[in-house]
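Notes to accompany the following structure.
The values are calculated or read from the model by the stated rules, or taken from the named source; none is laboratory data. Note that the coordinates shown come from a computational prediction; the quantities given were computed from them, not determined experimentally. Neighbour counts run over all protein chains shown; Cβ positions are idealised from the backbone, glycine included. Please note that ligands, DNA and RNA were not included when accessible areas were found on the heavy atoms of the full protein model with its side chains. Shrake-Rupley method; radii C 1.70, N 1.55, O 1.52, S 1.80 Å.
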Amino acid sequence: MAMVATALALIMLNVDRKDQIDIDYWWIYTGGADGARSLLEAVAGSMMSVAATAFSITIVALQLAASNFGPRLLRNFMQDTGNQVVLGTFISTFIYCLLVLRTIRGEGDGYSQFVPQISVTIGILLAIISIGVLIYFIHHASTIIQASHVIQNVSTDLHSTIKRLFPEKIGHDEPEHKQGVAEIPISFEQESVPIRANSTGYLQAIDDEELIKITAKYNLLVRLQTRPGKFVVQGSDLIWVFPSEKVNKKLTQKINDAFIFGKERTEQQDVEFPINQLVEIALRAISPAVNDPFTAIRCIDQLSSGFCHLVQRNFPSSYRYDKNNKLRVIAEGVKFPGLVDAAFDQIRHYGRCDMTVTIHLLAAIALIATYTNNSKYQAVLRHHADMILQESREGLSQAQGYKDVEKQYYQVMKTLNNNNNIQSWE
């Protein structure tokens, strides 16, 4: 936006130089050089003051986000498009006014008079736009730090990730007439060698198309030792390659280039990351220092919504094939039990003394159960319902509270045992 403002100033000044005629429209600036200077000086000075205030408000919002929702959510605030547009508008207006201001010359300055009327008019227009942006920012800054807004944004990321990764795959899925395990060479363990990571950090994404292309070109079978979201230390095993004699320095570098590392986790190929963010918000809400179970309930609602979406998607096979239906990649994928553990284990443990949170966890499991008839998924949900009941027995001090939890538990069991009417996410 700053570069656009610079280009706009140069273009408008060029138009004013080529068209030095008297313009008598009510909306065009027709004052003298002194008035133009004063006007642009006032706009430029006020823009820097407002920009400094906006920066300060943003920093306060970041501090509140870090303390209330966790430091991992700071990335969401820093990437907020509204904040970027607001700060960009103020800075761009300042730069534009500064560039136009330096060209204004009066009759007593030793040069021929030059008052860029159109350029000054554009400066006034930018100032008016900046006022509107400031009004928007006041509303936006108070909105983005609300718990409901933060939770909804993370939930949107979760649904987008589920839609992107399931059933998005690395290569083609396993053909019906093939079985991946049977195609792994007997000597794979003995004749494969590891390719180690060149970097340290969180694995943010894998260039799946490039990896399949490399394995097909060199006729390789590889087994991934990690997956997006995991922390990888430089020198640790990244991938095992078969056969070993084809591994050289060039191939090692190509395969490392297909793995993208960073300082933080992202939801690009890591569906567990937005789940962890929702859990972190819930845990902070039910901590004794905050004691806000309603925020935790909102997180549970969004987790249940995400899992209702997830259980209707197919988890891709670990065996990935190229376009010729030849096994190329054995991938380490996420599993449904692990995702459910990530979502409910900590909330169940730290919320066991809160009857409302416990009952809401059971209600979430009952809701998820209505969206699937997969017996394996149902077994996982049943296990977590049993664990919630057991921990509530230990955590709740009042007998009536436990009876309410037990009543909700039996409702979950009834849903799991009789869910022939499967609902559809779509």
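In table form, for the structure just shown:
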| read-out | value |
| --- | --- |
| Over the chain: helical MRE at 222 nm, DSSP H runs n ≥ 4 each giving -39500 (n - 2.57), nearest 500 | -20000 deg cm²/dmol |
| Over the chain, relative contact order from alpha-carbon pairs under 8 Å, at least 6 apart, % | 14 percent |
| Stokes-Einstein D in µm²/s, Kirkwood radius over Cα pairs - the chain at 20 °C with 1.002 mPa s viscosity | 81 µm²/s |
| Heavy-atom accessible surface of the chain: percent carbon and sulfur, 1.4 Å | 55 percent |
| Cα→Cβ-extended label distance, 7 Å offset, between Ile11 and Tyr136, nm | 2.0 nm |
| Candidates Phe231, Phe114, Phe94, ranked by Gaussian network fluctuation over the chain, Cα under 10 Å, top entry | Phe114 |
| For the chain, with +1 on Lys and Arg beta carbons and -1 on Asp and Glu, the positive-most of Leu13, Gly132, Phe69 along the dipole | Phe69 |
| Added length on full extension, which subtracts the Cα-Cα distance from 0.36 nm per residue, Ala52 to Asn256 | 69.2 nm |
| Cα centroid separation, segment 361-389 to segment 262-294 (Å) | 21 Å |
| Solvent exposure of the chain as accessible area per residue, Å², 1.4 Å probe | 52 Å² |
| Mean-position separation - Cα centroids, segment 191-214 and segment 324-353, in angstrom | 21 Å |
| Under-5 Å amide H pairs with Phe261, H placed in peptide plane, nonlocal only | Gln204 |
| Distance (nanometres) between label positions extended 7 Å along Cα→Cβ at Asp345 and Ala289 | 2.4 nm |
| Length released on extending from Lys18 to Asp404, taking residue separation times 0.36 nm less the Cα-Cα span | 130.8 nm |
| Axial C-alpha extent at least 15 Å, average Kyte-Doolittle at least -1.0 - helices from the chain (DSSP) | 2-18, 33-68, 81-101, 117-144, 147-165, 272-285, 293-310, 336-350, 355-369, 375-395 |
| Inter-probe distance in nm under a simple model that places probes 7 Å from Cα toward Cβ, at Glu245 and Ser397 | 7.3 nm |
| Distance violations [Cα-Cα > 20 Å] among Lys163/Lys263; Lys250/Lys326; Lys376/Lys414 | Lys163/Lys263; Lys250/Lys326 |
